[in-house]
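Visitor: Before I ask anything, let me first share the structure, which is written out below as structure tokens.
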Amino acid sequence: MESKDKKNMKLGILLTTSPENENTNTVIEISKAARHEGHDVSIFLMYDGVYNVNTKDFAGLAEKGVEIAICAFNAEQRKVAKVDGILFGSQYDHACIASDVDRFISFG
Amino acid sequence: MQNMVKNMTIELDLKGEVCPYTFVKTKLKLEEVESGEELVVYFDHAPAVENVPRSLKNEGHKIMGIEQTGDHLWKVRIRKT
Amino acid sequence: MKNISVIIRNLPFNTHKNAEALRMSVGLTLREDKVTVIFMDDGVYTATRTKPEIINIPPPVREFGALTMLKCKMIADKSSLEKRGIKELIENIHILERDEIVRTISESDIIIPF
């Protein structure tokens with residue numbers, strides 16, 4: 001899948017917009033491309049971004065090895081129910097992603 | 001004096017607080033607690049009951065117990081490492 | 001330790017977004033990274049003494065209080081303030097020239113425009 005001489009990198013993504021925004025498709029495609037190259041991807045969803053867990057294509061990223069965490073407080077405010085394979089976490093998880101990754105991209 | 005301090009349980013009431021203030025205030029309170037001592041925190045914000053203990057474990061602390069003490073009220077016992 | 005800059009550029013009215021950006025900034029401090037909140041363009045109104053409670057929106061007192069307590073740097077762009085005739089900001093916000101704001105942004109490891 002990945003070429004051996006390439007360094008495996010960790011990519012962090014913040015998504016704060018709901019699925020009707022083109023950001024969702026961009027995040028899906030970037031995540032797939034990064035996984036294809038063998039990089040680790042962690043996504044944090046907050047604000048209206050939490051609605052993305054309800055879209056099949058986005059939630060399907062978890063099966064491709066993308067780690068998805070969401071702000072449980074924002075999800076509770078928006079009545080977004082728990083989804084298997086997605087961590088209903090906190091802003092602490094966002095801080096961990098920001099702290100651990102090699103590159104971080106924000107989509108808002 | 002040392003023994004007196006050890007027997008004391010420090011409590012923190014975080015009713016009305018949401019994420020990330022629940023964790024921020026727990027973390028700040030733990031700075032006042034001696035290593036090995038216990039801190040008891042009260043929450044009424046459901047996501048915090050799952051997330052604060054998980055985050056504290058990640059920081060190396062020990063969760064001694066989580067108990068629901070009422071309708072939307074939880075008591076979490078933390079031992080500082 | 002990373003330098004993280006959160007940039008608030010839009011009006012704080014008719015949205016919870018700016019308050020959420022501040023709440024997120026509080027969270028980002030939890031792994032010992034250095035967080036700076038930057039108010040520029042219309043975002044500077046977030047740091048003025050508005051009264052959102054009049055229209056039943058909670059004022060971001062808790063957010064600003066926590067950021068102050070955590071010694072998080074909060075800065076406002078001077079030219080954005082001058083353009084809008086804003087003379088007074090809430091406490092603990094430092095007013096900086098545009099080039100200093102740009103330097104802060106360019107020295108950041110992570111930039112989050114919210």
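The values are calculated or read from the model by the stated rules, or taken from the named source; none is laboratory data. These figures come from a predicted structure and were not determined experimentally. With ideal geometry, Cβ positions are generated from the backbone for all residues, glycine too; neighbour counts draw on all protein chains shown. Please note that ligands, DNA and RNA were not included when accessible areas were found on the heavy atoms of the full protein model with its side chains. Shrake-Rupley method; radii C 1.70, N 1.55, O 1.52, S 1.80 Å.
Visitor: Suppose we filter segment A:73-107 for residues that are open to solvent by less than 20 Å² (accessible area, probe 1.4 Å) and more than 14 Å from the chain's Cα centre (by Cα); how many remain?
Guide: Number satisfying all stated conditions: 4.
Visitor: Now a separate question. Please list, ordered by residue number, the helices (runs of 4 or more DSSP H) wholly in segment A:54-108 having 1 or more residues that are within 13 Å of another protein chain (Cβ to nearest Cβ).
Guide: Working: elements: A:56-59, A:72-77, A:91-100.
Once the helices (runs of 4 or more DSSP H) in segment A:54-108 are filtered for at least 1 residues that are within 13 Å of another protein chain (Cβ to nearest Cβ), what remains is A:72-77, A:91-100.
Visitor: Tell me the residue from C:LYS73, C:LYS83 that is away from every other protein chain (no Cβ under 14 Å), open to solvent by 50 Å² or more (accessible area, probe 1.4 Å) and free of Cβ contacts under 8 Å to residues at least 24 places away in the same chain, please.
Guide: Unique residue meeting the criteria: C:LYS83.
Visitor: Where the second residue is open to solvent by 40 Å² or more (accessible area, probe 1.4 Å) and in a helix (DSSP H, G or I) and the first is away from every other protein chain (no Cβ under 12 Å) and lies in segment B:20-39, which pairs have Cβ atoms under 7 Å and are six or more apart or on separate chains?
Guide: Qualifying pairs under 7 Å: B:GLU34/B:VAL5; B:GLU37/B:LYS6; B:LEU39/B:LYS29.
Visitor: So which residues in segment B:30-76 are in a strand (DSSP E or B), in contact with a helix residue (DSSP H, G or I) (Cβ under 9 Å, 6 or more places away or on another chain) and open to solvent by 30 Å² or more (accessible area, probe 1.4 Å), if there are any at all?
Guide: Within segment B:30-76, B:LYS62, B:ILE63, B:ILE66, B:GLN68, B:TRP74 meet the criteria.
Visitor: Within segment B:50-73, track down each residue that is under 21 Å from B:GLU34 (Cα atoms) and of a type in the set (Ser, Thr, Tyr).
Guide: Passing the criteria: only B:SER55.
Visitor: Could I ask something else about it? Using the structure shown, decide if C:ASP99 is within 15 Å of the chain's Cα centre (by Cα), farther than 20 Å from A:PHE104 by Cβ and surrounded by fewer than 19 Cβ atoms within 10 Å (Cβ to Cβ).
Guide: No.
Visitor: For segment A:26-33, does any single residue satisfy the condition of being within 14 Å of chain C (Cβ to nearest Cβ), open to solvent by less than 20 Å² (accessible area, probe 1.4 Å) and at pLDDT 95 or above?
Guide: No.
Visitor: Of these, B:LYS6, B:LYS57, B:LYS15, which one is among the basic types (Lys, Arg) and at pLDDT below 95?
Guide: Of the residues listed, the single one that is among the basic types (Lys, Arg) and at pLDDT below 95 is B:LYS6.
Visitor: Being open to solvent by less than 10 Å² (accessible area, probe 1.4 Å) and either hydroxyl-bearing (Ser, Thr, Tyr) or touching a Ser or Thr at 6+ places or on another chain (Cβ under 6 Å) (or both) is true for just one of C:VAL44, C:VAL26. Which residue is that?
Guide: C:VAL44
Visitor: Looking only at segment A:62-71, filter to residues that are open to solvent by less than 70 Å² (accessible area, probe 1.4 Å) and touching a Leu at 6+ places or on another chain (Cβ under 9 Å); which one of those is nearest to C:LEU22 (Cα to Cα)? Step through it out loud before you land on a result.
Guide: Quick first cut of segment A:62-71, residues open to solvent by less than 70 Å² (accessible area, probe 1.4 Å) only: A:62, A:65-66, A:68-71.
Okay, now just the ones that are also touching a Leu at 6+ places or on another chain (Cβ under 9 Å), so A:68-71.
Details: A:ILE68: 22, A:ALA69: 19, A:ILE70: 17, A:CYS71: 14 Å.
Among those that are open to solvent by less than 70 Å² (accessible area, probe 1.4 Å) and touching a Leu at 6+ places or on another chain (Cβ under 9 Å), it is A:CYS71.
Visitor: Go through (1) within 12 Å of the chain's Cα centre (by Cα); (2) more than 14 Å from every other protein chain (Cβ to nearest Cβ); (3) hydrophobic (A, V, I, L, M, F, W, C) and name the single condition C:PHE13 misses.
Guide: (1)
Visitor: Would it be correct to say that A:ASN23 is in contact with a Gly (Cβ under 8 Å, 6 or more places away or on another chain) and farther than 17 Å from C:ILE4 by Cβ?
Guide: In short, yes.
Visitor: Considering only residues that are within 27 Å of C:ASN18 (Cα to Cα) and among the hydrophobic types (A, V, I, L, M, F, W, C), which ones fall in segment A:33-51?
Guide: Of everything in segment A:33-51, those that are within 27 Å of C:ASN18 (Cα to Cα) and among the hydrophobic types (A, V, I, L, M, F, W, C) turn out to be A:VAL41, A:ILE43, A:PHE44, A:LEU45, A:MET46, A:VAL50.
Visitor: While we're on this one: Of the residues that sit in segment C:47-70 and are over 19 Å from A:ALA95 (Cβ atoms) and β-branched (Val, Ile, Thr), which one is most open to solvent (accessible area, probe 1.4 Å)?
Guide: C:ILE54
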